[in-house]
Amino acid sequence: MRRIALFASVWVSLAAAVWAADFSQFKTADELWDHIQKLEKAEPAHDQAQFIERLEGFRSAASEFESRYPKDPRRWDVKLIRVQAESVRAKIDNSPPTLGAVLAVTKEVLAAPDAHPETKADARYLQARVRMDALGSSGSAIDPAVRAAVNEDIADLRKDHPDDTRIAVLQFQLAQILKLRDPDAAESILRELEGNQNIEIAGMAQRQLDSLQFSRKLAKEPLDLKFQAVDGTQIDLAKLRGKVVLVDFWATWCGPCRMEMPNVVATYTQLHDRGFEIVGVSLDQDKDKLLNYTKQVGMTWPEYFDAKGWRNDISSRYGVNQIPSAWLVDKKGFVRSTEARGDDLAGQVKALLAE
């Protein structure tokens, strides 16, 4: 029996949902289960309205399975799907964070005697991811209790599922969060990954170590960033001293970036008059797609574009190898966060504006 591959990237997987309002056509648990699996294989949504519709379809299918088949072991898989769909929808609606709801479900799955071992691995991974998101959105301060919980989640996943490649994913994410706030701890994590037998993981760790050295420099010197925006505007961060600036590395083809954008636009609208600026660094290769999307969603700030995709001159220079990556620069020009996104973006900006 194929297990549902729980979202290695929740945004991308949920974007592949398919709307199905009438579940009466599915007469058995297997039929409904097959339908849920097919949701993961559909084409991505083209805009936010379609995304929300499909997201609701995914959530509804999972809820239907839970309701109909309360003793089927696969209910634990769909519980995880449902709570993630609800969490993403809450984020879109700017509702309060759903960390507690997600953790309640993962705890239930981990304690379930009939949950498949792979499902428990999914739950452990999801638990670590949502705690990691909370850690990354906590501004310049790191909550020691949340950090300890993340470390425990990673250790437990390693103990129960030592060959799970998502362990490295979590370690890389944790290193990314810590690299400005606790660079020694970030380096320790990356040194471990550098010795991984997987050549790709080891290579990525080496690149991250190179990026970490640059991050250490960022903590000591104001960010030097100059470019000509796609609309011809000349951008120089040195001329924006006294303002708080978000440097947003993103792309129109990046699902997580698109889902984050309404939050970014709302924060800009709310705080621009108080001294908040945004400059975008687009990793797109199609200029028309970039311009059409920025106009569609109300991104009125300047964008850097060189059509080189992952070989983008600015992102390559600064060692940015994953997106979205959002750097928050304080009034003196220093990078204060490289994870400035999520529910607490406005809070982080307000805190720096008040300095």
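The values are calculated or read from the model by the stated rules, or taken from the named source; none is laboratory data. As the structure is a computational prediction, the values presented were derived from the model and not from experiment. A quick note on method: Cβ atoms are made from the backbone with ideal geometry, for glycine too, and the neighbour counts reach across all protein chains shown.
Assorted remarks:
- Within segment 328-353, the set of residues being crowded, with 19+ Cβ neighbours inside 10 Å and assigned to a helix (DSSP H, G or I) comprises Leu345, Gln348, Val349, Leu352.
- Failed item, numbered, when His272 is tested on (1) over 19 Å from the mean Cα position of the chain (by Cα); (2) under 18 Å from Ala346 (Cβ atoms); (3) assigned to a strand (DSSP E or B): (3)
- Exactly one residue among Gln213, Gln208, Gln176 is within 20 Å of Trp327 (Cα to Cα), out of contact with any strand residue (DSSP E or B) (no Cβ under 9 Å at 6 or more places or on another chain) and touching a residue at least 60 places away in the same chain (Cβ under 8 Å), and that residue is Gln208.
- Leu246 touching a residue at least 12 places away in the same chain (Cβ under 8 Å) and either part of a strand (DSSP E or B) or in contact with a strand residue (DSSP E or B) (Cβ under 6 Å, 6 or more places away or on another chain) (or both): yes
- When segment 73-108 is limited to residues that are among the charged types (D, E, K, R) and farther than 19 Å from Ala121 by Cβ, the one that is modelled with the highest pLDDT turns out to be Glu86.
- The condition of being within 21 Å of the chain's Cα centre (by Cα) and either within 29 Å of Ala90 (Cα to Cα) or not assigned by TED's automatic domain parsing to the domain that holds Ala49 (or both) does not hold for Asp330.
- Residues being surrounded by fewer than 15 Cβ atoms within 10 Å (Cβ to Cβ) and either within 19 Å of Ser95 (Cβ to Cβ) or basic (Lys, Arg) (or both) - total across segment 232-275: 6
- Qualifying residue in segment 154-161 (condition: in contact (Cβ under 8 Å) with a residue 60 or more places away in the chain, part of a helix (DSSP H, G or I), in contact with a Phe, Trp or Tyr (Cβ under 9 Å, 6 or more places away or on another chain) and not acidic (Asp, Glu)): no
- Just one residue in the set Asp231, Asp184 is in the same structural domain as Ile314 (by TED's automatic domain parsing) and either farther than 20 Å from Glu339 by Cα or part of a helix (DSSP H, G or I) (or both); that residue is Asp231.
- Residue within segment 292-305 that is over 27 Å from Leu352 (Cα atoms), charged (D, E, K, R) and either modelled with pLDDT of 90 or more or surrounded by 21 or more Cβ atoms within 10 Å (Cβ to Cβ) (or both) present: yes
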